[in-house]
Each structure stands twice: as structure tokens, then as C-alpha cells.
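The values are calculated or read from the model by the stated rules, or taken from the named source; none is laboratory data. Remember, predicted model here, so these are calculated numbers, not experimental data. Neighbour counts run over all protein chains shown; Cβ positions are idealised from the backbone, glycine included. Surface areas here come from the heavy atoms of the whole protein model, side chains and all, with no ligands, DNA or RNA. Shrake-Rupley method; radii C 1.70, N 1.55, O 1.52, S 1.80 Å.
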Amino acid sequence: MAKEIILYNLAENVTDEEYKDYVTKEKGPLLESLQSVKKFELVRITEAATGEVPYRYVGIMHLTSLEGFYQKDAPSKKFQDFLAKWRTKVSNFHILSGEEIY
């Protein structure tokens, strides 16, 4: 199964509580409404074995295919409007994509 994994921190002016509200009311439902998204998960990182936590949030989109997402859903106005709003809430993001092995 294809995955997109997004590592990021919140913008300085956004609290964990505000972001959780945004995710449950807007972001999660929107992402899961996209045709190529089977499931969206968000994990808030609270600690690390090494002590260093470079990213506080990890978003995982389970996709039907990378091509379907990047060719159809990602360019859509719906997703682009979401992305513009989301970028005001986060900082230091890193987006990875690939295929599940196990």
C-alpha cells in the first residue's frame, strides 16, 4: 500500500489543543474524503529514546496509489485550499512517500 508520511512541528502561534481541534473538525475529514486516501492517521510525538524529538507530529496517509494522489487529489482545488491553510499552522515540515513493505 502506498503511504505519504509528513513530519512537522506546529507554528509558534498554534497550540496542541488548537491543532487537535482543527484536525478532528477539518483536516482529518477532508483528507479522508479524497478519492485516493484510504485512511489518515496523526501521531503527536511525546518522547524519543534518544531524548531528541526533531518533529512533534507525524501524519500518515494510507493511499490507494501514489499516482492517484499526486495526479488527481493533490492538484485539486479542494486539496490546494487545505494545503494553503495547513501551511499557516505548521513549521519545519518534511514530506516523504513510498510503498509499504510489510
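How much net charge surrounds residue 91 when only the other residues with a Cβ under 13 Å from the Cβ of residue 91 are counted, with Lys and Arg +1 and Asp and Glu -1?
Values: positive: 56, 87, 89; negative: 12.
Net local charge, residue 91 excluded: +2.
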Response to the item:
Magnitude of the Cβ-charge dipole (Lys and Arg +1, Asp and Glu -1) of the chain about the Cα centre, nearest 20 debye, reported as 340
Worksheet item: What part of the accessible area of the chain, given as a whole %, is carbon or sulfur when the probe is 1.4 angstrom?
Response: 52
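Run through every distinct alpha carbon pair of the chain and return the Kirkwood hydrodynamic radius in angstroms, one decimal place.
Result for the chain, one decimal place: 14.3 Å.
Can you compute the FRET efficiency between residue 46 and residue 97 using 1/(1 + (r/R0)^6), with r the Cβ-Cβ distance and R0 = 22 Å? Round to the nearest 0.05. Write out the running numbers ahead of the final one.
Working: r = 25 Å, r/R0 = 1.15.
Efficiency, rounded to the nearest 0.05: 0.30.
Rolling a 1.4 angstrom probe over the protein heavy atoms, how many square angstrom per residue are accessible across the chain?
On a per-residue basis, the chain sits at 65 Å².
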Fill in: Inter-label distance, nm, simple model (7 Å from Cα along the C-beta direction), residue 14/residue 89
0.6
Practice prompt. Specify the angular offset, from 0 to 90 degrees and rounded to the nearest 10, of the alpha carbon long axis of helix 77-87 from the longest principal axis of the alpha carbons in the chain.
Written response: 10
Worksheet, complete the sentence: Along segment 6-14, Karplus-curve 3J(HN,Hα) (6.51, -1.76, 1.60; θ = phi - 60°) to the nearest Hz, with x for Gly and Pro, reads 10, 9, 6, 10, 7, 5, 4, 8, 10
Response to the item:
residue 17 neighbourhood, Cβ < 13 Å, K/R = +1, D/E = -1, net charge +1
Worksheet item: Want the number for residue 66 to residue 33: 0.36 nm per residue separation, take away the alpha-carbon distance, what's left?
Response: 10.3 nm
Discussion item. About the Cα centre, and with charges only on the beta carbon of Lys, Arg (+1) and Asp, Glu (-1), how big is the dipole of segment 39-82? Nearest 20 debye, please.
Written reply: 200
